[in-house]
Amino acid sequence: MARRALTTTAATLTAAAALLLTACGGGDDTSSEDIKGAGSGANSPSASPSAVSGQPDVGLPSDLKVEFDIPKPSDARHATALDSAEKYILALNHGITAQDPEDPAYRFYSLGNAAKYAKSQIQAWVDDGWTATGTDSYYQGRTDDVGTSDGVLVTMCRDQGKFYGKNVETKKIRYTKESLTDFQEFRLLMKPPQGSQKVWKVLQIEVQGRVADCRR
């Protein structure tokens, strides 16, 4: 069965997010979740997005486009958090098209539940013998501070009406009719750089499906 969209099962973001970020703060994050490679990000939470040496490949095949129509926040911290959130989504799509559940790109831009979520999504596409094609669109984004922590919550809408599954062996594309199911809301809890960590990372992700407010 084709998986033309990321599933909506994810970690729940609650008011405890600020406490979680605080508990995860400090120290060196070079754990098993901190995989080789580097990406666009910052050396400090207040820095603006900039290239980092060893940036992981998040390039996509020519038949797949991931579009972000989200204005850059005026706050430098928020802008950097949004940049990493977008790269996490790019990396997730890169892992799907590379057919690699252990792809270093998403593992660099995420930790904990967000890394597990990305791996499970990529694995599902691989197991079913599908890759992605078409256009995956994100818009109506906003960023918010998380309590008294340095974390940032990134929220954005997604339109996957033109995002399709393509059979890896036959190359046949499974087209589907557009419906409310195509419109989702992504909420990504971003953790600022700490220790040797050089970029903001997604700590948790929640995906809500059939969001009428995201319909365009």
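Within region 58-73, can one find any residue that is among the acidic types (Asp, Glu), touching a residue at least 60 places away in the same chain (Cβ under 8 Å), within 24 Å of LYS172 (Cα to Cα) and assigned to a loop (DSSP other than H, G, I, E, B)? Within region 58-73, one or more residues are among the acidic types (Asp, Glu), touching a residue at least 60 places away in the same chain (Cβ under 8 Å), within 24 Å of LYS172 (Cα to Cα) and assigned to a loop (DSSP other than H, G, I, E, B).
Among GLN140, GLN204, GLN194, which is the only one that is among the polar types (S, T, N, Q) and buried (at least 19 other Cβ atoms within 10 Å of the Cβ)? Explain how you work it out, then say what you get.
Values: GLN140 fails: buried (at least 19 other Cβ atoms within 10 Å of the Cβ); GLN194 fails: buried (at least 19 other Cβ atoms within 10 Å of the Cβ).
Selected residue: GLN204, the only one of GLN140, GLN204, GLN194 that is among the polar types (S, T, N, Q) and buried (at least 19 other Cβ atoms within 10 Å of the Cβ).
Inspection of region 157-179 finds no residue satisfying the criterion of being more than 13 Å from the chain's Cα centre (by Cα), open to solvent by 40 Å² or more (accessible area, probe 1.4 Å) and closer than 24 Å to GLN55 by Cα.
Please tell me if THR97 is polar (S, T, N, Q) and either farther than 22 Å from ASP57 by Cβ or touching a residue at least 60 places away in the same chain (Cβ under 8 Å) (or both). So THR97 fails the test.
Against the numbered list (1) in contact with a Ser or Thr (Cβ under 7 Å, 6 or more places away or on another chain); (2) free of Cβ contacts under 8 Å to residues at least 12 places away in the same chain; (3) of a type in the set (Phe, Trp, Tyr), TYR164 comes up short only at (2). On the stretch given as region 167-212, residues that are touching a Leu at 6+ places or on another chain (Cβ under 7 Å) and either farther than 22 Å from ASP145 by Cα or part of a loop (DSSP other than H, G, I, E, B) (or both) total 2.
Residues of region 112-132 that are open to solvent by 10 Å² or more (accessible area, probe 1.4 Å) and under 11 Å from the mean Cα position of the chain (by Cα): TYR117 alone. Of all residues in region 145-156, exactly one satisfies the criterion of being surrounded by fewer than 21 Cβ atoms within 10 Å (Cβ to Cβ) and within 15 Å of PRO71 (Cβ to Cβ), namely THR155.
Per the conditions (1) closer than 18 Å to VAL152 by Cβ; (2) not in a helix (DSSP H, G or I), the sole criterion not satisfied by LEU82 is (2).
Applying the criterion of being farther than 17 Å from GLN160 by Cβ and in contact with a helix residue (DSSP H, G or I) (Cβ under 6 Å, 6 or more places away or on another chain) to the residues of region 62-90, the residue that is least open to solvent (accessible area, probe 1.4 Å) is PRO73. Against the numbered list (1) in contact with a helix residue (DSSP H, G or I) (Cβ under 8 Å, 6 or more places away or on another chain); (2) under 20 Å from GLN121 (Cβ atoms); (3) among the aliphatic types (A, V, I, L, M), VAL168 comes up short only at (1).
The values are calculated or read from the model by the stated rules, or taken from the named source; none is laboratory data. Being a predicted model, the structure only gives us computed values, none of them experimental. Backbone-built Cβ (ideal geometry, glycine too); neighbour counts: all protein chains shown. Accessible surface is based on the protein model in full, side chains and every heavy atom, while ligands, DNA and RNA are left aside. Shrake-Rupley method; radii C 1.70, N 1.55, O 1.52, S 1.80 Å.
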